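Colleague: This is the structure, below, for whatever I ask next.
The values are calculated or read from the model by the stated rules, or taken from the named source; none is laboratory data. All values reported here derive from a predicted model rather than from experimental measurement. Neighbour counts are summed over all protein chains in view; Cβ atoms, including those assigned to glycine, are modelled from backbone coordinates with ideal geometry. Accessible surface is based on the protein model in full, side chains and every heavy atom, while ligands, DNA and RNA are left aside. Shrake-Rupley method; radii C 1.70, N 1.55, O 1.52, S 1.80 Å.
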Amino acid sequence: MPYSILHIREILQASWLNDPPIERQVEHLLHDSRQILFPDLALFFALVGPRQDGHRFIREAYAAGVRNFVVSKAVPVERYPEANFLKVEDGARAMQTLAAYHRKQFDIPVIGITGSNGKTIVKEWLYQLLQDHYHIVRSPKSYNSQIGVPLSVWQMQESHELAIFEAGISQMGEMEHLAEVIRPTMGVITNIGDAHNEGFPSLELKLREKIGLFFSAEPIIYRNDDELIGRVLRETYPDKKLFCWSGAGREADLHIGELRFSRNGAAMDGDFGGESFTVEVPFTDGASIENALHCLAVLLSLGHPVAEAARRLARLEPVAMRLELKAGIDNCTLINDSYNSDLSSLAIALHFLQQQGGHTHRTLILSDILQSGKKARELYRQVAGLVVEKKVDAFIGIGSEVVHIRPFLPDSLPASFFADTEEFLRQLEPHAFRNQTILLKGARAFHFEQIANRLSQKAHKTVLEINLDALRHNLHVFQRLLQPGVKTMVMVKASAYGSGATEVARLLELQRVDYLGVAYADEGVELRKADIRLPILVLNPEEASFDLLFRYQLEPEIYSVGLLKKFLEALPEDIGQFQIHLKLETGMNRLGLSGKDIPELLELLKKAPAVRVASVLSHLAASEDPVQDEYTHGQARRFDEGYEPLAEGLGYRPLRHLLNSGGIVRFRQYQMDMVRLGIGLYGVENSRELRGLLRPVLTLKATVSQIREIASGETVGYGRHGVANTPKRIATISIGYADGLLRLAGNGRFQVLIRGRRAPTFGNVCMDMTMIDVTGVGDASEGDEVILFGNELPVEELATALQTIPYEVLTNLSERLKRVYWQE
């Protein structure tokens, strides 16, 4: 449903900045200049946030072909002669207003879902359960924010018969805006918990804010076993129909009896309107069972027969929430985003593909897009537009419908087609893919996991998972602590604390941090070869690496007069201007210039006009320790005392930076011009002042290789240190000290997680494997996943067992670990 820009101006009650306006059509809403699709049909909203201002990226969007803009500030329109500019008070509210207008054009059932947890799972499962009955539009991924909701609702088209949207909030006053956009006709509240508690005065007020979504909804579905939810819903909506279910014998429309578990799932008896039934779900964890029962309640509310609804629940499949990036065969990189294929998720995956450097060749393997509601010709015309827009170099289609894309692809784009996954695998030659990035995007029915297995690099079963969403979240947590204008340098030394410098740097560049920091020049060279263009500070430049600094535009930290002399001697005459950074010694007593060095340093720099000092820095010795605060304040004073004569002698004021991760949290008065974020980015924060706000980025997983029963008195492992004082079940897992699990973790000093329960190490840690006692985990089996650290088991516990700090644990992780990067 294209809108004319003239009509949009009326909807938003906006004023024109350009005169006369240029008539154009709008089909797509944008707010990120890095994610531009179909620019000639796009409307770019220049959103203003605490750290970013979308007006800064108007030039970039215009250069990419965007010609329609919504702004809230003055813009030099003469620089953009072909563009329309609509001026509003608030860009985010304008986007919501436009989406709310669009929503009102449709008279179809709309399910609105909110709650602390489970929103996305319930939405995706409802889609699985109902897609055979309705043509459904739903929120892509977890698009439930103040911006995600209007972008989701904007997808509604005349062909849709049912909409399912989720809404999430983080502070008071937000839901009323989302409620107006979604205007649900049926509501689901999944639960209420501690997520985002910091934005609300109390749990009850948070609940009241959330259920504001349901002002237009009837019925509202909830679990009546939560007394708070039931009471607040009845008080808020006394005249609305409420549909509740209970597993605890409370008054309810839907009663669920005692759970019966098996290895394949859970079964339960139920009663709905006097009709008894049995329902099975292929899950055993409490959260999944609760989410499935919310879905059952929705189906019953929509009038589906009990027996049919129960049959459908038994066929529920896990929701693939993750887009994974991992090493592939023949030096390829594999992006696996299978099990879910629609236009919205394809656009997101193609954007992620385009972000990946390293390989210049990009291949898309795409299945039929099922149940889009569009005619095949129109659907695949749009898909072809995405393929061309995102500069895909080769296209492989699998299925009977995807061949409709052929006439819309350029003749220069290699394209091949296969009837099904089996045919593709039969014809796949051993070295068909080399030195390229491959995106797998397939509907669940096509079983693209078979392709992923064939194309994945066969590796050690122990895996280090890197959650890019958590990394992005942690970056924003720290940036919200900064004063306006303070820049961010992120340290990616030691392979980004074990997580992989190139992949992390690529994300940080997209997040528009200001600087990267590495320890040695070769780390910076690796980033430059991966096409990372951010400024890079080298903390420990060595004389032998000066040539690399000049060749790859890496900026050295100069920490002594002697080092500066050697650097200047090596400086090429034709270098042009080159930036360096000066390190002051303020109390760390490791590396740095002292006050007596400054006069000689200034004399040397006066004779080197090509050299410019980009920043002056120092390092805090104990920023996380309150006992050492006086010493930290003294370091800050000494830094100022050293900086001022330097700036005066230089004739300009370089950037100043002193704070590391702990300092950012505890000494905000010393933010100066820039801060250096290190291990805090990965969810480790030693001062504990951000407890609950940061998310673990890294999860280390192993696998159970074998389980054996041993009798009392038998021993396990080298040296026979693991002695069984009773009969035991001992599991051998696929990780050892060569992977980074050092020997100090053995003999019961550390516990891993298996099936959600703790199991202590037993005997010595070996080079490639470790034994654990699973006597108390009766259902443990060979092939089970074992967690060494992650969300449920903090890395600090392993550090304590090893008598060290998390830094050492992370940087000791072996290169042989398979690293898998993922995001929603």
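Colleague: For I229, all conditions in the list (1) out of contact with any helix residue (DSSP H, G or I) (no Cβ under 7 Å at 6 or more places or on another chain); (2) touching a residue at least 24 places away in the same chain (Cβ under 8 Å); (3) open to solvent by less than 90 Å² (accessible area, probe 1.4 Å) hold save one; what is the number of the exception?
Modeller: (1)
Colleague: With open to solvent by 30 Å² or more (accessible area, probe 1.4 Å) and under 30 Å from D625 (Cβ atoms) as the only criterion, which of L681, L744, L677 stands out?
Modeller: Matching residue, one of L681, L744, L677: L744.
Colleague: Do you know which of the residues in the stretch 187-209 that are open to solvent by 10 Å² or more (accessible area, probe 1.4 Å) and outside any loop (DSSP other than H, G, I, E, B) is nearest to P238 (Cα to Cα)?
Modeller: R208
Colleague: From the list L313, L350, L386, L323, exactly one residue is open to solvent by less than 40 Å² (accessible area, probe 1.4 Å), under 30 Å from E161 (Cβ atoms), of a type outside the set (F, W, Y) and in contact with a Cys (Cβ under 8 Å, 6 or more places away or on another chain). Which is it? Full working, then the answer.
Modeller: Numbers: L350 fails: in contact with a Cys (Cβ under 8 Å, 6 or more places away or on another chain); L386 fails: in contact with a Cys (Cβ under 8 Å, 6 or more places away or on another chain); L323 fails: in contact with a Cys (Cβ under 8 Å, 6 or more places away or on another chain).
That would be L313, the only listed residue that is open to solvent by less than 40 Å² (accessible area, probe 1.4 Å), under 30 Å from E161 (Cβ atoms), of a type outside the set (F, W, Y) and in contact with a Cys (Cβ under 8 Å, 6 or more places away or on another chain).
Colleague: Let me ask another. Just name the residue that is farthest from F283 (Cα to Cα) out of those in the stretch 125-150 that are touching a strand residue (DSSP E or B) at 6+ places or on another chain (Cβ under 8 Å) and assigned to a helix (DSSP H, G or I).
Modeller: This residue is P150.
Colleague: Out of all the residues in the stretch 139-150, which are open to solvent by less than 20 Å² (accessible area, probe 1.4 Å), under 14 Å from L30 (Cα atoms) and in contact (Cβ under 8 Å) with a residue 60 or more places away in the chain?
Modeller: Of everything in the stretch 139-150, just one residue is open to solvent by less than 20 Å² (accessible area, probe 1.4 Å), under 14 Å from L30 (Cα atoms) and in contact (Cβ under 8 Å) with a residue 60 or more places away in the chain, namely P150.
Colleague: Here's a follow-up. Determine which single condition Q511 fails, assuming it passes every other condition in (1) modelled with pLDDT of 95 or more; (2) open to solvent by 10 Å² or more (accessible area, probe 1.4 Å).
Modeller: All conditions pass for Q511, except number (1).
Colleague: Further question: Considering each residue of the stretch 58-95, count those that are outside any loop (DSSP other than H, G, I, E, B) and basic (K, R), and give that number.
Modeller: The number of residues fulfilling the criteria is 4.
Colleague: Here's something else I'd like to know. Sort out which residues of the stretch 423-450 are loosely packed, with under 13 Cβ neighbours inside 10 Å, outside any loop (DSSP other than H, G, I, E, B) and either touching a residue at least 24 places away in the same chain (Cβ under 8 Å) or not basic (K, R) (or both), and write them in order of number.
Modeller: Scanning the stretch 423-450 gives E423, Q427.
Colleague: Does the stretch 692-711 include one or more residues that are open to solvent by 10 Å² or more (accessible area, probe 1.4 Å), among the hydroxyl-bearing types (S, T, Y), within 24 Å of Q511 (Cβ to Cβ) and touching a helix residue (DSSP H, G or I) at 6+ places or on another chain (Cβ under 8 Å)?
Modeller: No; the residues of the stretch 692-711 include none that is open to solvent by 10 Å² or more (accessible area, probe 1.4 Å), among the hydroxyl-bearing types (S, T, Y), within 24 Å of Q511 (Cβ to Cβ) and touching a helix residue (DSSP H, G or I) at 6+ places or on another chain (Cβ under 8 Å).
Colleague: Yes or no: the stretch 151-160 includes at least one residue that is buried (at least 23 other Cβ atoms within 10 Å of the Cβ), touching a residue at least 12 places away in the same chain (Cβ under 8 Å) and not in a loop (DSSP other than H, G, I, E, B).
Modeller: Looking through the stretch 151-160, at least one residue is buried (at least 23 other Cβ atoms within 10 Å of the Cβ), touching a residue at least 12 places away in the same chain (Cβ under 8 Å) and not in a loop (DSSP other than H, G, I, E, B).
Colleague: Name the single residue, out of those in the stretch 11-23 being out of contact with any strand residue (DSSP E or B) (no Cβ under 6 Å at 6 or more places or on another chain) and part of a loop (DSSP other than H, G, I, E, B), that is surrounded by the most Cβ atoms within 10 Å (Cβ to Cβ).
Modeller: Q13
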